Amino acid sequence: MSKLWGGRFTKDTNELVDRLTSSIGFDQKLAEEDIQGSLAHVQMLSEQGIISGEEASLIRKGLIQVKEKMDRGELEYSEADEDIHMNIEKFLIDEIGPVGGKLHTGRSRNDQVATDMHLYLKKHTQTVIELIESVQGALLKQAEDHIYTMIPGYTHLQRAQPVSLAHHLLAYFWMLERDKERFLDSMKRVDLSPLGAGAMAGTTFPIDRKRTAEILGFSGVYPNSMDAVSDRDFILEFLSASSIMMMHISRLSEELVIWSSQEFNFIELDDAFCTGSSIMPQKKNPDVPELLRAKTGRVYGDLMGLLTVLKGLPLAYNKDMQEDKEGMFDTVETIEGSLGLLAPLIGSMNVNTDAMKKAVTTDYSNATDLADYLVKKGMPFREAHAVTGRIVLDAIQKGLVLLELDLNHLKEFSPLIESDVFEAVSPETVVGKRDSEGGTAFSEVEKQLSLAKEKLKLQEQG
């Protein structure tokens, strides 16, 4: 079959070259955006008098017919036509005849594909933002239900200080808030139109790039035609924001896996989000958070892959850049699927408050507060730290926790210790007194929760 660009060639393309260079197997995902861009382009061509109104009307009608066939699943894409742009142009010409060939006036596949990807990411970035907000909503609901539920806080995966469960969950709300802000900020770069940049140097036709940008809903155009077709930093930025977000999702997933283990027993995941074992009947495996944790590496790979493709390319367009799409598609599908599962996973999990309460009353995570107690009695902190360390060691050797030690025995370590020490180191006091801004005190958590709810509400309204 003759290529649409084959006039200069004397031989058919080698079959293996066709197979290597064809992108229709994956870039057909851009079919809707390609037709959207073409409809804007043909409208501009007509308004500028580059093609006649009659020709534009016929092309527009043909594109709509191609779109309708696409929606019905009636189109058969051809590897010989290489990519989505040439496939759709071929469908158009088949539909309306040679006049369909005028659609490509004043543009190149180079600016066409860049426009398609801008349109694609603009749409999906908005979807990702909405999905992030659904996860934030699930975290807020669980946090609201568990302001006064206490859980051990960990450093080095060792019990450190008790915290409100709501405080712990809200930490992920704010991580996701920053992720959302990164995606929102990236829209400034996504929301630019490359259409009309041509192959790399613009065109001799009197096109109006601002008009096509306006029709397509872009806020502006690339000021440099070579930059417009040769860089993919807007995709890299999306992949980078996605990687950071998946890192946060992976950290949360890790905790869900740990918390749902029999050793912790802090939560139980809903049966709908777990699987069983083919050999061990008792098993309830946290497959969803495990896979979310694993898919983080997949998104990292997409980012590193495109960074590596682009790092040595001279201006302007190079065929290497065909490798920009599969990773982008993969990341979009991965993060949308991950966020779509994470919201109901969090929303449906059951919190075992009894196990959490037992954990914070049978450990030494209140030791810092014993040291603080001694400081408030006048002892220098370093000395208080050492005294408390000796008390903890003594308690460990006796198989007791701090609240189980006898007052007279405690006085052997320091005469500053009085009967009020037991109230000072109770879990409720330990958590409730940490009322510095952003702390885990119940009063501060309630403020933080109100701030988070208001922020999410405002963004949903916006």
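The values are calculated or read from the model by the stated rules, or taken from the named source; none is laboratory data. If you're wondering where the values come from, they're calculated on a predicted model, not measured in any experiment. Here the Cβ is made from the backbone with ideal geometry for all residues, glycine too, and neighbour counts use every protein chain on show.
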Of 182, 189, 209, 178, the only residue that is surrounded by fewer than 20 Cβ atoms within 10 Å (Cβ to Cβ), on the phi < 0 side of the Ramachandran plot and in contact with a Ser or Thr (Cβ under 9 Å, 6 or more places away or on another chain) is 182
Selection within the range 296-322 - part of a helix (DSSP H, G or I) and more than 24 Å from the chain's Cα centre (by Cα):
319, 320
The number of residues in the range 308-367 that are of a type in the set (Gly, Ala, Ser) and under 20 Å from residue 260 (Cα atoms) is 6
Would you mention how many residues in the range 251-260 are in a helix (DSSP H, G or I) and buried (at least 21 other Cβ atoms within 10 Å of the Cβ)?
4
Per the filter on the range 219-243, residues among the hydrophobic types (A, V, I, L, M, F, W, C) and either assigned to a strand (DSSP E or B) or in the same structural domain as residue 41 (by TED's automatic domain parsing) (or both) are 221
Test residue 280 against the stated conditions and say whether it is out of contact with any helix residue (DSSP H, G or I) (no Cβ under 6 Å at 6 or more places or on another chain) and assigned to a loop (DSSP other than H, G, I, E, B).
yes
By residue number, the members of the range 155-170 that are hydrophobic (A, V, I, L, M, F, W, C), under 26 Å from the mean Cα position of the chain (by Cα) and either closer than 19 Å to residue 352 by Cα or buried (at least 20 other Cβ atoms within 10 Å of the Cβ) (or both) are 165, 166, 169, 170
Take the range 204-234 and flag every residue that is of a type in the set (S, T, N, Q) and under 27 Å from residue 309 (Cβ atoms).
224, 225, 230
Considering only residues that are under 44 Å from the mean Cα position of the chain (by Cα) and among the small types (Gly, Ala, Ser), look in the range 364-385 and name the one that is surrounded by the most Cβ atoms within 10 Å (Cβ to Cβ).
365
Against the definition (within 30 Å of residue 181 (Cβ to Cβ) and surrounded by 14 or more Cβ atoms within 10 Å (Cβ to Cβ)), how does residue 304 come out, yes or no?
no
Working carefully through the options 389, 347, find the one that is in the same structural domain as residue 288 (by TED's automatic domain parsing), outside any loop (DSSP other than H, G, I, E, B) and among the small types (Gly, Ala, Ser).
347
Conditions (1) surrounded by 22 or more Cβ atoms within 10 Å (Cβ to Cβ); (2) in a loop (DSSP other than H, G, I, E, B): number failed by residue 265
(1)
Residue within the range 13-36 that is touching a helix residue (DSSP H, G or I) at 6+ places or on another chain (Cβ under 7 Å), modelled with pLDDT of 95 or more, surrounded by 12 or more Cβ atoms within 10 Å (Cβ to Cβ) and in a loop (DSSP other than H, G, I, E, B) present
no
Working only within the range 48-87, note down all residues that are outside any loop (DSSP other than H, G, I, E, B), among the charged types (D, E, K, R) and surrounded by 15 or more Cβ atoms within 10 Å (Cβ to Cβ).
55, 60, 67, 79, 81
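For (1) modelled with pLDDT under 95; (2) surrounded by fewer than 15 Cβ atoms within 10 Å (Cβ to Cβ); (3) touching a helix residue (DSSP H, G or I) at 6+ places or on another chain (Cβ under 7 Å); (4) not in a helix (DSSP H, G or I), each residue gets a yes or a no:
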residue	(1), (2), (3), (4)
416	no, no, yes, yes
428	no, yes, no, no
436	no, yes, no, yes
448	no, no, yes, no
451	no, yes, no, no
460	yes, yes, yes, no
Just the residues that are among the hydrophobic types (A, V, I, L, M, F, W, C) and closer than 22 Å to residue 169 by Cα, please, taken from the range 267-313.
267, 269, 272, 273, 274, 288, 291, 292, 294
For residue 264, are the conditions met, namely being within 30 Å of residue 182 (Cα to Cα), among the aromatic types (Phe, Trp, Tyr), touching a residue at least 40 places away in the same chain (Cβ under 8 Å) and assigned by TED's automatic domain parsing to the domain that holds residue 345?
no
